[in-house]
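The values are calculated or read from the model by the stated rules, or taken from the named source; none is laboratory data. Predicted model, so just to flag it, every value in this text is computed and none were measured. Positions of Cβ are backbone-derived with ideal geometry, glycine not excepted, and every protein chain shown enters the neighbour counts. Ligands, DNA and RNA are stripped out before the accessible areas are found, and what is left, the full protein with its side chains, is counted by its heavy atoms. Shrake-Rupley method; radii C 1.70, N 1.55, O 1.52, S 1.80 Å.
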Amino acid sequence: MSFEKNILERIASYIPGYAGYKQKEVRRETDALLRRHIASILLSAASRLVLTPSDARAVAANPDARFLWDAVRAELDKVAQKIDKAPHGYAGFFDLAKVDEGVLEEVYRHDLSLVEEAKKAADLAAALQSLKPGSPEWIDALRNILAHLKNLDAKIDERTKILKAIAEPPPPLWEQGRTAEAAPQQKRESLFDKLFRKRS
């Protein structure tokens, strides 16, 4: 089994219908499936973050607990909104006639890591229900959830950068007005270059 087929099957085990980005005709729908799935995971996690009136009073009386509780809920909302609006940053990716298969492997790796990071955060949110709100263990669990959400947030930004780099590769050096003598010293490797170098 090829690496591409293996990783596509792993992602499809989480997201039925995920078909990858090789075919231009299904690229947009595959992206939408991924984003909807991650958003649904986060919304499910948010729905679990509910306190009874007595628990809410206990959390409100503890500054650390109150801060982390509010921070986790705010981060959940922020990340869910970000993944929903993500395509605005890489719309050109959907219109490409062909994308290098080696580069697509990097995109699939990233998609899988996004799904698994979101699932981990949701699992931690579910486990929070077994802990006493305001307790040290509950506070530590909130810190862990927040760390995973921030990591997911960074991964979403990185995915947008990757897809934008694929859709908008850098122009040749001569188009950038650089001389042949200066190019070796001044050339800066772009994200697009790095993606191709990884698979070479």
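I need the shape label for the stretch 1-61. Rule: rounded when a/c is under 1.5, else prolate if a/b > b/c, else oblate, with a, b, c from the alpha carbon gyration tensor.
Working: a/c = 5.43, a/b = 3.05, b/c = 1.78.
Cα axes put the stretch 1-61 in the prolate bin.
Would you mind classifying the stretch 1-138 by shape? Square roots of the alpha carbon gyration tensor eigenvalues, ordered a ≥ b ≥ c; an a/c under 1.5 is rounded, otherwise it is prolate if a/b is larger than b/c and oblate if not.
Prolate is the answer for the stretch 1-138, as a/c is 1.5 or above and a/b outweighs b/c.
Give me P(r) over the stretch 73-171, computed from all C-alpha to C-alpha distances, binned every 10 Å, as integer percentages.
Calculated over all Cα pairs of the stretch 73-171, the distribution is 14, 39, 26, 14, 6, 1 percent.
Quick one: Karplus J couplings for the stretch 162-167, per residue in order, coefficients 6.51, -1.76, 1.60, θ = phi - 60°, nearest Hz, x for Gly and Pro?
Calculated HN-Hα couplings, in order: 4, 5, 5, 5, 5, 6 Hz.
Taking all protein chains as present, what is the carbon and sulfur share of the accessible area of the stretch 1-106, in % to the nearest whole number, probe 1.4 Å?
Answer for the stretch 1-106: carbon and sulfur cover 54 percent of the accessible area.
With a Förster radius of 22 Å, plug the Cβ-Cβ distance of Thr52 and Ser135 into 1/(1 + (r/R0)^6) and report the FRET value to the nearest 0.05.
Efficiency, from the Cβ-Cβ distance: 0.90.
Students often get this wrong, so check it: of Lys24/Lys85; Lys98/Lys120; Lys24/Lys150; Lys24/Lys78, which have C-alpha atoms separated by over 27 Å?
As for pairs spanning more than 27 Å Cα to Cα, those are Lys98/Lys120; Lys24/Lys150; Lys24/Lys78.
Taking amide H positions as placed in the peptide plane 1.01 Å from N, state which residues far from Val99 in sequence (5 or more) or on other chains have amide H under 5 Å from it.
none
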